[in-house]
Amino acid sequence: MRIQIRPTLIFGGKNAKDPAIIDLVWLTSLLRDIDQGKTLMSACKKAGLSYRNVWQKVNEVETALGFKLMERVRGHGSQLSEYAKYLIQFTEDFDEKTHRLGQTSLAHLEEGFALFRNKSEKRWRFVSSSDPIIQAAVSGFEKFELGTAGSGEALERLLNYETDIAGYHVSDLQASKTIAKRLQKEGMQIFPVMKRVQGLMISKGNPLNITGVRDLLRSNIRFINRQKSSGTRLLLDTVLNKEKIDPKKIRGYEHEEFTHTAIATSILAKKADVGMGVKSIAIENGLDFIQLKDELFFLAMSDELAVDKDVVRLIRKIRQLSEEIPGYKSIGLKRQIAGWI
């Protein structure tokens, strides 16, 4: 990389849409070659332009400046005018004065690039389904920028190259294999990291005596749901379909929140009586919990990123935390995910 400040002639009015532009360094190099005894033809070849093209450019400059740069002398080829020699001297003086400025500017530019490189090297975009362990694990790293989205949205962002890592969870074996097949077709690596328990979070003591999803049909039960793109919403819909329950008959089915914590907060604030979430959030917020189904949580990323040392450390951290928090279990062995990928 280099920085060079070059004088340029621009012909045309201030508001001209297509002004003629002549690089003085190129022009004076051409003139210097002619002054040193080269024919105009050989100078044209060195410049990489046709004889006709060069004469056209020279004529444009002469017309704009109002004086001749070269004179054709019969038997002696082309000779430079005093104006051309002045232009050569001016350009040489300009180059000498700006060379040091260019070197200094290049040093500043390289320093700036280095700073941005260092910043970019520390940040990988990580979009994941809402989970407290994921949030806790990422908080220990500067290199990851975590965003929360439903499992489906996280995967679409990964496949659209809008994120570097996607965190998603599935509870259905066939759905997991379908997702894995699509990811592998796009050259993505899949890492199982933990198993977690999903279920119904309800007020402490279960004052409304809720025992399962069929109780959501009761008129006195206010439900709060997760957003449509979330894996938790998909899990609920799968359970409802299996139980042949019409979602439209559930009071509050259309009311949505975007995280497990937001669901728990709504129940604590008496805005809802029950909502879907992970067991760890229910315990953390002092809520009762009715287990519905286990599910597996995966991370997906490119082959290149899969060998990054910080990504390896992040996966190890997630698995470690999942062994320490109720409602989770670390997974990573092939036998633990047999049939899921």
Expressed as a whole number of Å, what is the distance separating the alpha-carbon centroids of the range 190-228 and the range 285-303?
13
If the cut-off is a Cα-Cα distance under 14 Å, which aspartates and glutamates reach Lys45, setting aside same-chain residues fewer than 8 apart in sequence?
Asp33
Taking K and R as +1 and D and E as -1, what net charge do the other residues with C-beta under 13 Å from the C-beta of Gln320 add up to?
+3
quick note, the chain, DSSP beta bridge pairs, % antiparallel (nearest 5) is 75
At 1.4 Å probe size, with the rest of the protein present, what percent of the exposed accessible area of the chain is carbon and sulfur atoms?
51
Per residue, what volume in Å³ does the convex hull of the Cα atoms of the chain enclose?
237
Below 17 Å, Cα to Cα, which aspartates and glutamates can Lys195 reach? Residues fewer than 8 away in the same chain don't count.
Asp131, Asp172, Asp294, Glu295, Glu323, Glu324
Under 13 Å from the Cβ of Ala282, count the other residues' Cβ atoms, weight Lys and Arg +1, Asp and Glu -1, and hand me the total.
+1
Cα-Cα longer than 32 Å, checked against Lys185/Lys309; Lys271/Lys334; Lys181/Lys270; Lys248/Lys279, kept in input order, equals Lys271/Lys334; Lys181/Lys270
List the residues, sorted by chain then number, that are 5 or more residues from Met70 or on another chain and whose placed amide H is less than 5 Å from its amide H.
Ser81
Tell me the per residue accessible area of the chain using a 1.4 Å probe; a whole number in Å² is fine.
57
Relative contact order of the chain: what whole-number percent is it, with Cα pairs under 8 angstrom and at least 6 residues apart?
18
With labels modelled as points extended 7 Å from the Cα through the Cβ direction, what inter-label distance (nm, one decimal) is found for Gln336 paired with Glu254?
4.2
Where in the chain are the DSSP H helices whose alpha-carbon span along the long axis reaches 24 Å or more and whose Kyte-Doolittle mean is at least -1.0?
82-121
Loop GluC sites (Glu not before Pro), the range 250-341 (other Cβ atoms within 10 Å of the site Cβ: 11 or fewer; DSSP):
Glu254, Glu323, Glu324
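The values are calculated or read from the model by the stated rules, or taken from the named source; none is laboratory data. All of these numbers come straight from a predicted model, not from anything done at the bench. Here the Cβ is made from the backbone with ideal geometry for all residues, glycine too, and neighbour counts use every protein chain on show. Heavy atoms of the whole protein, side chains included, go into the accessibility calculation; ligands, DNA and RNA do not. Shrake-Rupley method; radii C 1.70, N 1.55, O 1.52, S 1.80 Å.
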